[in-house]
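Notes to accompany the following structure.
The values are calculated or read from the model by the stated rules, or taken from the named source; none is laboratory data. Source: prediction; values computed, not measured. Don't worry about glycine lacking a Cβ; one is built from the backbone with ideal geometry, like all the others, and counts go over all protein chains shown.
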Amino acid sequence: MPARPCAGPARATLSRERTSGRCRMQLGGKLLIAMPGMGDPRFDKSVVFLCAYSEEGAMGLIVNKPMAELSFSDLLDQLDIPKAPGARDIRVHFGGPVEHARGFVLHSGDYNSGSDTTLRVDTRFGMTATLDILEDIARGEGPAESLLALGYAGWGPGQLEGEIQENGWLTCDAAPDLVFDKSDATKWERALGTLGIDPLMLSPAAGRA
């Protein structure tokens, strides 16, 4: 089933394309934590889950910037997907500055789309960018944990490594209870806490961890 365009001020589509990449370093499935003063306001205090990392570049989703102007129910209405009584809502996030009209569902590892379009990041996380998962969630099924992101963050070959070397990002392990937690406002501080870093001690010139 091809992606369907949605209507309204916030438009979104979910494509049938698969995201893949041969992992060259151990960054796939990690979190990027934006350092103060990195220079791009779109990533200010952002936490990015890296879905794919390879020699061709990297792709990730910001997991701590909810879109207050768009609810999951609104999105289902735009996509003409009926919502079953009692089906849960999932949060809609700004996933990154690339392709705002594309939607990506980051979810727990218990879900796999029947059309084989789920990217299995590791045993705990998967990413599906097709309508199947929204239809499953709207029926009251789907993964145990999930968040929906519109747009994504992308890096070309060597670009992310350069930004990390220039102190633009810290990296840490991704814990599901942090990634899927509803307290988006505290995720940046808590991600830093996993590295033993007090946010008040950070400066744009701080060293890498």
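Structure above, values below:
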| item | result |
| --- | --- |
| Tally of residues being surrounded by fewer than 18 Cβ atoms within 10 Å (Cβ to Cβ) and not in a loop (DSSP other than H, G, I, E, B) across segment 139-173 | 7 |
| Hits in segment 184-194 - residues which are more than 16 Å from Pro36 (Cα to Cα) and either more than 16 Å from the chain's Cα centre (by Cα) or loosely packed, with under 10 Cβ neighbours inside 10 Å (or both) | Thr194 |
| Test: residue in segment 44-53 that is in contact with a helix residue (DSSP H, G or I) (Cβ under 8 Å, 6 or more places away or on another chain) and either farther than 23 Å from Pro157 by Cα or of a type in the set (Val, Ile, Thr) (or both) | yes |
| Identity of the residue in segment 75-108, farther than 25 Å from Leu32 by Cβ and surrounded by 15 or more Cβ atoms within 10 Å (Cβ to Cβ), that ends up nearest to the chain's Cα centre (by Cα) | Leu75 |
| Residue count, segment 174-202 (criterion: outside any helix (DSSP H, G or I), charged (D, E, K, R) and closer than 16 Å to Leu106 by Cα) | 2 |
| Some residue of segment 110-117 being at pLDDT 90 or above and of a type in the set (Val, Ile, Thr) | no |
| Test: residue in segment 43-52 that is over 11 Å from Leu150 (Cα atoms), touching a residue at least 60 places away in the same chain (Cβ under 8 Å) and out of contact with any strand residue (DSSP E or B) (no Cβ under 9 Å at 6 or more places or on another chain) | no |
| Single residue of Ala101, Ala52 found to be of a type in the set (Gly, Ala, Ser) and closer than 21 Å to Leu178 by Cα | Ala52 |
| Of all residues in segment 29-46 being surrounded by fewer than 22 Cβ atoms within 10 Å (Cβ to Cβ) and in contact with an Asp or Glu (Cβ under 8 Å, 6 or more places away or on another chain), the one that is nearest to Glu166 (Cα to Cα) | Met38 |
| Test set (1) without any contact (Cβ under 8 Å) to a residue 24 or more places away in the chain; (2) touching a Leu at 6+ places or on another chain (Cβ under 9 Å) - Asn112 fails condition number | (2) |
| Residue check for Asn112: of a type in the set (S, T, N, Q), in contact with a Ser or Thr (Cβ under 8 Å, 6 or more places away or on another chain) and not in a strand (DSSP E or B) | yes |
| Answer residue from segment 21-76, given it is aromatic (Phe, Trp, Tyr) and in a helix (DSSP H, G or I) and is modelled with the highest pLDDT among those | Phe43 |
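Rundown of residues vs (1) closer than 13 Å to Asn64 by Cβ; (2) in contact with a Ser or Thr (Cβ under 7 Å, 6 or more places away or on another chain); (3) modelled with pLDDT of 95 or more, yes/no style:
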residue: Pro176; (1), (2), (3): no, yes, yes
residue: Val179; (1), (2), (3): yes, no, yes
residue: Lys182; (1), (2), (3): yes, no, no
residue: Lys187; (1), (2), (3): yes, no, yes
residue: Thr194; (1), (2), (3): no, no, no
residue: Ile197; (1), (2), (3): no, no, no
residue: Leu202; (1), (2), (3): no, no, no
residue: Ala205; (1), (2), (3): no, no, no
residue: Arg208; (1), (2), (3): no, no, no
